[in-house]
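What follows is a short report on a single structure.
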Amino acid sequence: MKNLEVNLCGVKLDNPVVPASGTFGFGLEMADVYDINVLGAISIKGTTRDPRFGNPTPRIAECEAGMINSVGLQNPGVDAVIAEEIPELRKVYRKPIIANVSGFGIDEYVECCSKMDKVDDVDIIEVNVSCPNVHNGGMAFGTSCEAAAEVTREVKAVTHKPVFVKLSPNVTDIVSIARAVEDAGADGITLINTLLGMRIDTARRRPVIANKMGGFSGRAVFPVALRMVYQVANACQVPVMGCGGVATASDVIEMMMAGATAVQVGAENLRNPFACKEIIEALPAEMERLGIDSLSDIIGIVK
Amino acid sequence: MKKQTLKIESNRMVVDKVWEMKLSGCDDVQKPGQFVNIALEGKFLRRPISVNDWKDGVLTLLYKVVGRGTAQMAEMKAGECLDVLTGLGNGFDLSVNCAKPVLIGGGIGVAPLYLLAKELLAKGVKPSVILGFNTASEVILKDEFEALGLQTLVTTVDGSCGIKGFVTNALPELEYDYFYTCGPMPMLRALAPAVTSKGQLSLEERMGCGTGICMGCTCKTLLGAKRVCKDGPVFTLDEIAL
């Protein structure tokens, strides 16, 4: 019997597989097609203080082994997420919920996190300082050590739940940002968000995406994500949720060997809605193949 | 929604750039107007294609070769298998009370109207049909709709077949008390002020997942932001903001 359990700041996950925010809605679409209680946890769609329509369409472009999105934080606003989406999810899902929060100013992050902190059904708060698709917000807070630390500090002052800060890979030195948020009190770090990218429709001579640029994700980014998880896990004491290009059970184990305690699956959910379930089902055989009895034994085993 | 492995029974060009693929083994179509999402070797995202017909487990897709993915589909041969997500989208609502609906299609948008016509006939409702194209060589499904015994008007922009002009030029020729339509956005925008009844429109948008989880294909409606893939692709004229 293989042991897939991991522990994220006291929150027990049956397995390390977590659908990444923005690639699983609020969980209900997939609950219609399989039992989502097989998941380790769910990171729900990024939430802001006010409802947002998001960016104009087209929002999606395809790449070799990946894709670019510029959704722009479409969500019904924190109050609706708390009043409607989380209770609906709770009706069909008993496992941990990670609330992903974004903002356009420190006060907005504080307000959203403060509200999420009071929701019993939320186990972990994931603070997104890395959305590349909105102006004057999101990634602006994740590309400077001072701003990332300030968001973390202010949010931690109003929360009692574990706070994971989700970092952007679009920085010169990921380790300095990670250390800054750890020093500011982050209980954990999620990385990576998407890489800023672009495609051009050469026949029409214009960007494929209406907002011109967007976040690049999918299998192609896996080595970049793995490298950053490795660097941050070795530089910080807090647990890391690894994210970026994960598509197989083998990828999950590789991320964990690099230092991830849990592993998020993002873009793969868009091409295969059953991806998380299939990965979880494949994990025991892959552990057997590699001589692993307990997944928590391999976290950060590669130095 | 199901993930099914479907076998290609046939794959043939109907007119220039428009192909018909028949796939066997599909048990998952609830309504006309739904679509399937096809995984292709070497392509990261699936290709959403509307259901043209479905009978005895055989799914018929009419698709236009517009990019690398559809070009790859056109090269596939009978006997090959495809990984397909089926039963996607809300489909047309056939519960509406109407005696004489008109089905209005533009270009490849005529495809989903065929199964719709068959299902309406099965309910005892006999629709009329308007099919719009740029030119005579693009005309598809005219014979198939006529074989169902339906009055079928064709319009072409250059006048090389049927009525010269757009689908809106054919509207005054028919009496109707409801409409169902699918076609490019400029056609839908022209149609909305021209129709004299209520009706349903099937929208097209570049999609990420096709299952409602990524918010990639959102459109504005009077009821707020809606996902074309999950809340649509069919919306009523009353709710949609064109």
GNM result for chain B, Cα springs below 10 Å: residue of B:GLU119, B:GLU80, B:GLU20 fluctuating most strongly: B:GLU80
Principal-axis tilt of helix B:111-122 within chain B, Cα atoms, nearest 10 degrees: 70 degrees
Values of log10 I(q)/I(0), in the order q = 0.11 Å⁻¹, for region A:136-248 under a Debye, Cα-only, solvent-free model: -0.39
Where A:TYR230, A:TYR109 fall by accessible area, highest first, once all protein chains stay in place (1.4 Å): A:TYR230, A:TYR109
Region B:35-78: chymotrypsin sites (Phe, Trp or Tyr not before Pro) in DSSP loop, at most 16 other beta carbons within 10 Å: none
Computed Kirkwood radius, in angstrom, where 1/r is averaged over Cα pairs of region B:101-202: 13.2 Å
Of the trypsin sites (Lys or Arg not before Pro) in region A:23-80, those whose Cβ has at most 13 other Cβ within 10 Å and which sit in DSSP loop: none
Dipole of region B:101-202 [Lys/Arg +1, Asp/Glu -1 at C-beta], most positive-end residue of B:ILE163, B:LEU201, B:GLY106: B:LEU201
Sequence-separation-based contact order of chain A, relative, with Cα cut under 8 Å and 6+ spacing, percent: 20 percent
Share of carbon and sulfur in the accessible heavy-atom surface of chain B [1.4 Å probe, %]: 51 percent
Nearest-10 value in Å² for the accessible area of A:ARG199, using the 1.4 Å probe: 90 Å²
Projected area averaged over orientations for region B:2-88, convex hull of C-alpha atoms, nm²: 5.1 nm²
Volume per residue that the Cα convex hull of region A:120-187 spans, once the total is divided by residue count, Å³: 86 Å³
Inter-chain shielding of A:53-66 (mean C-beta neighbours from other protein chains, 10 Å cut-off): 5
Exercise: per-residue mean of other protein chain Cβ atoms within 10 Å, A:269-282: 3
Cys with no candidate disulfide partner in chain B (beta-carbon separation under 4.7 Å rule): B:CYS26, B:CYS81, B:CYS98, B:CYS161, B:CYS182, B:CYS217, B:CYS219, B:CYS229
Summed buried accessible area for B+A [probe radius 1.4 Å, Å², rounded to 100]: 2600 Å²
Dimensions in Å of the protein assembly as shown - Rg and Dmax from alpha carbons: 24.9, 77
Relative packing of peptides A:89-101, A:201-213 - highest average C-beta neighbours within 10 Å first: A:89-101, A:201-213
Sites B:MET185 and B:LYS100, calculated FRET efficiency, Cβ-Cβ separation with R0 22 Å, nearest 0.05: 0.25
Region A:103-159 versus region B:187-242: alpha-carbon centroid distance in Å: 33 Å
Separation between Cα centres of region A:247-303 and region A:47-70, rounded to whole Å: 26 Å
Most mobile of B:LEU153, B:LEU85, B:LEU45 in a GNM of chain B (Cα contacts under 10 Å): B:LEU45
DSSP H segments from chain A that extend 15 Å or more along their own axis, Cα-based, with Kyte-Doolittle mean of -1.0 or above: A:106-117, A:145-156, A:222-235, A:275-290
Within the protein assembly as shown, helix-based [θ] at 222 nm, where runs of 4 or more DSSP H residues each add -39,500 (n - 2.57), nearest 500: -6500 deg cm²/dmol
Average beta-carbon neighbours from other chains, 10 Å sphere, peptide B:215-222: 6
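The values are calculated or read from the model by the stated rules, or taken from the named source; none is laboratory data. Predicted model only: the values in this text are computed from it and were never measured. FYI the Cβ positions are ideal-geometry reconstructions off the backbone, even for glycines, and counts take in every protein chain you see. Note: areas computed on protein heavy atoms with side chains; ligands, DNA, RNA excluded. Shrake-Rupley method; radii C 1.70, N 1.55, O 1.52, S 1.80 Å.
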